[in-house]
Every structure is written in structure tokens, then in C-alpha cells.
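Enquirer: Sharing a structure here in C-alpha cells format.
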Amino acid sequence: MSILLIGLVLCVNFPGRVALAEDRPLWFQDGRPVAQALEAVAILADASEEGLSPRKYGADSLARALAAAQGVEALSPGVIMRLEQDLTDAMLRYFNDLHFGQVDPRQIQENFTPNTPDRFDPAAHLRRAVRAMRLREAVAEAAPQVPLYDRLRQVLAHYRGLAADPVFSKLWQSPLPPLPNGKLEIGDTHAGMPLVTLRLIALGDLPRETIVTERYEGHIVKGIMDFQVRHGLEPDGVIGRKTLAQLAVSPSARVRQIELSMERLRWTPLLHAPRMIAVNIPEHILEAYEVQNGTIDVQTSMRVIIGSALDTRTPLFDGRMRFIEFSPYWNVPLSIARSEVVPKILRDPSYFTRQGFEFVAADGRIITTLSMDDLEAVRIGQMRIRQRPGPKNALGDIKFIFPNKDSIFLHHTPTTHLFEKQRRDLSHGCIRVEDPVGLAKFVLQHDQVWGEERIREAMSSGVSTTLRLREPPQVVLAYNTVQVKNDGRVHFFQDIYGQDKLLDQALRRSVQTSQ
């Protein structure tokens, strides 16, 4: 077979990928590997910088094969064809994984809208990069363009350095001694404090010149509080069970956590619309922002309350916010009516009137008086119970609706004190927002009719009204246990739904099956 025709048989059978067909080889010229081939192998060898595994792409074997090829005066067409195909296959897999991700998020219960299939073509991207001799630039272009990704990439290199450091890595080889009385407070002494202090220095929460002592006081307290903030803990300065557990996590474990977060950014649609509302479940934070030329302009941020990790987890998906309901009714879901509302009314019948409940019959009749027959009808699903608009309504005074099969929505709440809690997985699955007026202003900012005053009036009217949005923003319920703030500080959050564990297992299977 002519070398010029070899490229015609290079077809890569990846689901959703386009076969690469060329009229001449990409990686060889006159029977010898070109510089671009060596650079491609170097990129594959550096795949760990992107949170990917070089083993998955056969980087070592390809490097050995090209090194051997350089020592041969002229390779046979058959050898060239195999090397062409192997290197092309590896680079296509690499670009595909880097851009789209290594696993289908639906394998781990994340139902995001996928990227448009023709938005990124790994084969065309590779071909253009090789012809223009800009493979390294092509890597940056294929990676997620979310600013967080590049920050995570830098943090990944830092934690890899900590894990490989011959001094710092030893700090996690011995466990911390148990705490006296289960906690350590300011002024206490503890034999484990020197090791705690050294770990805080290694992680950047204390300066290197910090004096190591067994007494818990001074700058070390400030270091612990900074550490607690970065790990989603109450910054009370007390070293308790949760703080000790986070101090026990090694840099190598953090490396894996960062890799998982980078993988998620490949398929979480954070830039799919010019106006976005993103809720990061582990962080319990909502951000509303505009996207212009790939730049994110965060316009409001607030704390949220999410579904309980125990039994009512908030699902992960995206959708368009279509409606706002002011002064909403709360149509109590059957499961909540059976497990909570009906039992409360049976224990205290005045709860029905006090909380503003009413029955809705199958024919639409509204019944505002309490009877045991109607309660039983609710329990067996023949009648609904709902809560009228008002100060005690469980949805607060506003509801943000993005239609979905799980009936999840954003809403306010009368129990605003719960936003002060550090861990806020307290709802039945829907998301309670701390600043509903701020969110409504963002959603309606291009509608001159709806200023803040009118928003507040509609929220407090006590009359339920639904507004169809002219410019529906995109809502993403995302899951990321690592965040890097604008000041460069990395924050780690608890894997409250076990999604990191599921993703880790899926990625390990992906690497094994590709070898």
C-alpha cells in the first residue's frame, strides 16, 4: 500500500466521533516521525496535568515505539501504518476525553444536556492542529473554557507537588493522635499540635515561620479557622471531629478530588446560555451570571438550602427557567402529605387553620374546613391539600419554575434562620434561596416593567400570580466538591451525595477497559 494512502484507512470507532481521513500521514514524512509526532507523545505523557491518565492513551508504549523509529533509517509501510493509527487513535481519544469527558454523566445520575454534537470535532481539531504545528495550543482550546478549570489545573499541579515532596508528604504518613475529650479548644495543649501545625504550614494556612508548639493558641488558631473556611466547616476555631477528619486527608487524596472536579467541568453546561443560574450542591451556593465571549460576570451570589443527603437529594440536571410565581400556593406532594402534614394535623387539628391549609377536591372544589374524611381522602390520594399564600407558606413568597420531571424548583422560605447553618442539606429536594429579590432582579433585569418595587409588591400581595418569562435563563444544578476562589484559595467540600465516589469508580473502569 502506498504511504500516501495510509491515512484513508485510519478510522477510529469512538461513539459520537468522526473518523479521521487524510490523503497523507499526519506523523511521518519520508519514513521518519516528524516533530509533531514527538510533541503528540509528550502531550499524552503529560495527560495527568489535565487530570487524565497517560496510561489510558498508551503514552509509554508510543514513546518507546517512536524512539525506536528514530533509530531506524527507513521504516516499512506496514510499521508506519500501525504507528500512524496508534498515535492518531490515542490523540483522538485524548481530545475527546479532554473536551467531552471520559464518562457519560448519566452513568452517575447527572442528567445534563449534552454539548451540540458538531460543536467540537476531535478529528478536525487534531488535523488542523497538526497542519498548523500548534498541538499545544490545541490542547488549551479543547479543554473546558470555564475559568474554574484553569484554576483547578494549577491547583492540581500544586497538590501533586505536595504529594511528591519528600518532606511534606511524610506529614500524612502517621495518623494524628486522638483528641482529648473529643475536641481541642483555644489554650489547650495536645501532643498532636506540632503535626497539625506542620500540616497547616504545608497546606498554606500558616506561614512557614510559624513556631511549632504543643499549645493551641495565637496564629495557629487563625490558621485552623482559615482551614475550616476552606473545607466547608464552621470557623469556630475548635478542633473537633470534623476538622480533624479534614486534616487527615492527604495531598494525594486531594489530587484525586481535583481530578474528579476537572472531569465534571467537561460535561457540566455552565456556559450554555448568555444568562445562567448555577447551584453548586456541595457548596450550598447559587451564582447568577452573564456569559459574554466566554467571560463570566457574576451578578449575584447567595446561600441555598438543598435536598437532604439522607433521603431527599436534589437531582443534578439543567433546564430553562420559564416562570416565576409570586405569592405561590404550596401544593403539598403526596409523600410529604402522608409522612408529615396529615400526621401533624391529626396530632393538633388547629395546625390546619393556623398554617393556612385547604383541601382541593378532584373536581376542583376548595374546602377550607377540616374533616377527618377529607384528611383520609388526602392520605389515599383522592384529594389534595395545599397551603395558601402568606407569611407561613413553606415556599415563602416567590417560586422560580424550570419545568422538569422531578418537580424541582427554587423558592424562598419563612425559615430564614436555616441559612446560617454551615451544612444546609435540609429540604425535600427543592432549593430554597436566601435572597429571592436579588434572584428575581437578575431573572427580570431586562424587563423594564419589573423593577425591585414591583417585585416586592407581587411577593407580598397574598394573591398568587404566575409570570411567563420573556428571556428564560438557564438553570444548572451542578456538583463540584472543589472550588478555587478569586483570591486563589482552594476550597474543598464534603461529598455529601457520594457523587465523587461514583465518578471515581466510573473513571477507573474507563481506564481499565481502554487498556
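Values quoted throughout were computed directly from the atomic coordinates according to the rules given, and no laboratory measurement underlies them. Source: prediction; values computed, not measured. All Cβ positions, even for glycine, are placed from backbone atoms using ideal geometry, and neighbour counts span all protein chains on display.
Enquirer: For the chain, calculate the relative contact order in percent as a whole number, restricting contacts to Cα pairs under 8 Å that are 6 or more residues apart.
Expert: Value for the chain: 16 percent.
Enquirer: Something else now. Just list whichever of 183/222; 183/344; 56/485; 183/485 have alpha carbons separated by over 27 Å in the model shown.
Expert: Cα-Cα > 27 Å for 183/344; 56/485; 183/485; rest within.
Enquirer: Moving on. Among 382, 163, 498, whose Cα projects farthest towards the positive end of the dipole of the chain, with charges put on the beta-carbon of Lys, Arg (+1) and Asp, Glu (-1)?
Expert: Of 382, 163, 498, it is 382.
Enquirer: To the nearest µm²/s, what D does Stokes-Einstein give for the chain at 4 °C and 1.567 mPa s, using the Kirkwood radius over alpha carbon pairs as Rh?
Expert: 49
Enquirer: Could you line up 28, 492 from fewest to most neighbouring Cβ atoms inside 10 Å? Walk me through the intermediate numbers first.
Expert: On the way: 28 23, 492 19.
Exposure proxy ranking, most exposed first: 492, 28.
Enquirer: Grab the beta carbon distance between residue 113 and residue 189, set R0 = 56 Å, and tell me the FRET efficiency rounded to 0.05.
Expert: For R0 = 56 Å, the calculated efficiency reads 0.50.
Enquirer: Can you tell me what share of the DSSP beta bridges in the chain is antiparallel? A percent to the nearest 5 is fine. Working shown, then result.
Expert: Working: 45 of 56 bridges.
Within the chain, antiparallel bridges account for around 80 percent of the total.
Enquirer: Once the dipole of the chain is set up with Lys and Arg at +1 and Asp and Glu at -1 on Cβ about the Cα centre, which of 70, 270, 154 lies farthest towards its positive end?
Expert: It is 270.
Enquirer: Modelled label-to-label distance, residue 344 and residue 297, 7 Å Cα→beta-carbon offset: nm?
Expert: Going by the 7 Å Cα→Cβ label model, 4.3 nm.
Enquirer: What ranking do 165-175, 391-401, 243-253, 457-467 get when scored by the average of other Cβ atoms within 10 Å per residue, highest first?
Expert: The densest-packed peptide leads the list: 391-401, 243-253, 457-467, 165-175.
Enquirer: Using +1 at the C-beta of Lys and Arg and -1 at the C-beta of Asp and Glu, which of 300, 42, 317 has the Cα lying farthest in the positive direction of the dipole of the chain?
Expert: Of the options given, the answer is 317.
Enquirer: What translational diffusion coefficient, in µm²/s and rounded to a whole number, does the Stokes-Einstein relation yield for the range 271-492 at 20 °C and a viscosity of 1.002 mPa s, taking the hydrodynamic radius as the Kirkwood radius over Cα pairs? Display every interim value, and only then the final one.
Expert: Details: Rh = 18.7 Å.
Here the translational diffusion coefficient equals 115 µm²/s.
Enquirer: Counting other C-beta atoms within 10 Å, which of 372, 81 has the fewest, and how do the rest follow?
Expert: Working: 372 10, 81 20.
Placing the least packed residue first, the sequence is 372, 81.
Enquirer: What's the FRET efficiency of residue 464 with residue 308 using the Cβ-Cβ distance as r and R₀ = 25 Å, to the nearest 0.05?
Expert: 0.40
Enquirer: FRET efficiency for residue 514 and residue 74, Cβ-Cβ distance as r, R0 = 35 Å, nearest 0.05? Write out the running numbers ahead of the final one.
Expert: On the way: r = 32 Å, r/R0 = 0.91.
According to the calculation, E is roughly 0.65.
Enquirer: Could you rank the peptides 329-339, 89-99, 423-433 by their average count of other C-beta atoms within 10 Å per residue, with the highest value first? Can you show the working numbers first?
Expert: On the way: 329-339: 15.9, 89-99: 23.3, 423-433: 19.7.
Ranked from most to least packed, the peptides come out as 89-99, 423-433, 329-339.
Enquirer: Separate question: Once both labels are modelled 7 Å past Cα along the beta-carbon direction, what's the residue 133-residue 106 spacing in nm?
Expert: According to this spin-label approximation, the distance is 4.5 nm.
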